[in-house]
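Presented below is the structure to which this report refers.
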Amino acid sequence: MFPTGEPLYTYSHKLRSRYGETDQMGYVYYGRYLEYFEVARTEMIRSLGMPYSSLEAQGVMLPVVRTEIDYKAPIYYDELMDIKVHLFTVPTVKLETYYEIFTDRSEDPHALGKVVLCFMKEENRKPCRAPENFLDRLSEFQNQ
């Protein structure tokens, strides 16, 4: 699922699983993982100095066009997760994000994921290139 080589940029976000996110077995419900990815991705973009709201103010939207998740081990209620977001390529029209979720319980990831988003002009809902200021910010922060 992950490309070979080192990522251009990695962001780590801490998040604790909540009771309402677990199923009857006490595991985090599988559908929540995409929400965790979204929280980490939103904060990753914010870490670049470009919150989603600033992209939207430029008339650019980022809808999800593809997702993929490999569930390796369950995450339980009240576990602190370290969600790593990796970018391996400079975005053009698509933003390909890769995820690993860790807890203190294991050195191995509990889940691996990939989410592909498309830069889209709000006015006509057609794909567009990533905004230059977004690319500039990314180049400033590439795994320094």
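Out of all the residues in segment 29-46, which are surrounded by fewer than 17 Cβ atoms within 10 Å (Cβ to Cβ) and under 19 Å from Glu132 (Cα atoms)?
So in segment 29-46, the residues surrounded by fewer than 17 Cβ atoms within 10 Å (Cβ to Cβ) come out as 29-31, 34-35, 38-39, 42, 46.
If the condition is that a residue be surrounded by fewer than 17 Cβ atoms within 10 Å (Cβ to Cβ) and under 19 Å from Glu132 (Cα atoms), then Thr42, Arg46 are the ones that fit.
So in segment 108-144, with the set limited to residues that are in a strand (DSSP E or B) and basic (Lys, Arg), which one is nearest to Gly31 (Cα to Cα)? Show your work before the answer.
Of all residues in segment 108-144, those in a strand (DSSP E or B) come to 108-118, 120-121, 127.
Next, only the ones that are basic (Lys, Arg) stay: 114, 121.
On the way: Lys114: 14, Lys121: 28 Å.
Checking each candidate, the answer is Lys114.
Looking only at residues in segment 71-107 that are assigned to a strand (DSSP E or B) and open to solvent by 70 Å² or more (accessible area, probe 1.4 Å), which one is farthest from Tyr33 (Cα to Cα)?
Initial filter on segment 71-107 (assigned to a strand (DSSP E or B)): 71, 76, 80-87, 94-103, 106-107.
Then drop every residue that is not open to solvent by 70 Å² or more (accessible area, probe 1.4 Å), which leaves 71, 76, 80, 94, 107.
Working: Tyr71: 9, Tyr76: 12, Leu80: 14, Lys94: 21, Glu107: 19 Å.
Of everything passing the filter in segment 71-107, Lys94 is farthest from Tyr33 (Cα to Cα).
Tally the residues that are under 19 Å from Ile69 (Cβ atoms), open to solvent by 30 Å² or more (accessible area, probe 1.4 Å) and either among the basic types (Lys, Arg) or in a loop (DSSP other than H, G, I, E, B) (or both), restricting the search to segment 1-17.
Qualifying residue count, segment 1-17: 3.
Just checking, does segment 89-96 include any residue being closer than 30 Å to Arg18 by Cα and at pLDDT 95 or above? Steps first, answer last, please.
The first filter runs over segment 89-96 and keeps only residues closer than 30 Å to Arg18 by Cα, leaving 95-96.
Going one step further and asking which of them are at pLDDT 95 or above, we end up with 95-96.
Yes - at least one qualifying residue is present in segment 89-96.
Tell me, yes or no, whether segment 57-67 has at least one residue that is in a strand (DSSP E or B) and free of Cβ contacts under 8 Å to residues at least 12 places away in the same chain. I'd like the intermediate steps shown before the answer.
From segment 57-67, those in a strand (DSSP E or B) are 60-61, 64-67; that's our starting set.
Checking which are free of Cβ contacts under 8 Å to residues at least 12 places away in the same chain leaves us with none.
No: zero hits.
Between a residue in segment 86-101 that is free of Cβ contacts under 8 Å to residues at least 24 places away in the same chain and any residue that is open to solvent by 50 Å² or more (accessible area, probe 1.4 Å), which pairs come within a Cβ distance under 8 Å, given they are 6 or more apart or on different chains?
The qualifying pairs are Glu96/Thr89; Glu100/Lys84.
Could you identify the single residue in Gly26, Gly49, Gly59 that is over 18 Å from the mean Cα position of the chain (by Cα), closer than 30 Å to Glu132 by Cα and open to solvent by less than 60 Å² (accessible area, probe 1.4 Å)? Break it down stepwise before answering.
Numbers: Gly26 fails: closer than 30 Å to Glu132 by Cα; Gly49 fails: over 18 Å from the mean Cα position of the chain (by Cα).
Only one candidate qualifies: Gly59.
The values are calculated or read from the model by the stated rules, or taken from the named source; none is laboratory data. Just so you know, these numbers come straight off a predicted model, no measurement behind them. As a convention, Cβ positions derive from the backbone with ideal geometry for all residues, glycine included, and neighbour counts pool all protein chains shown. Surface areas here come from the heavy atoms of the whole protein model, side chains and all, with no ligands, DNA or RNA. Shrake-Rupley method; radii C 1.70, N 1.55, O 1.52, S 1.80 Å.
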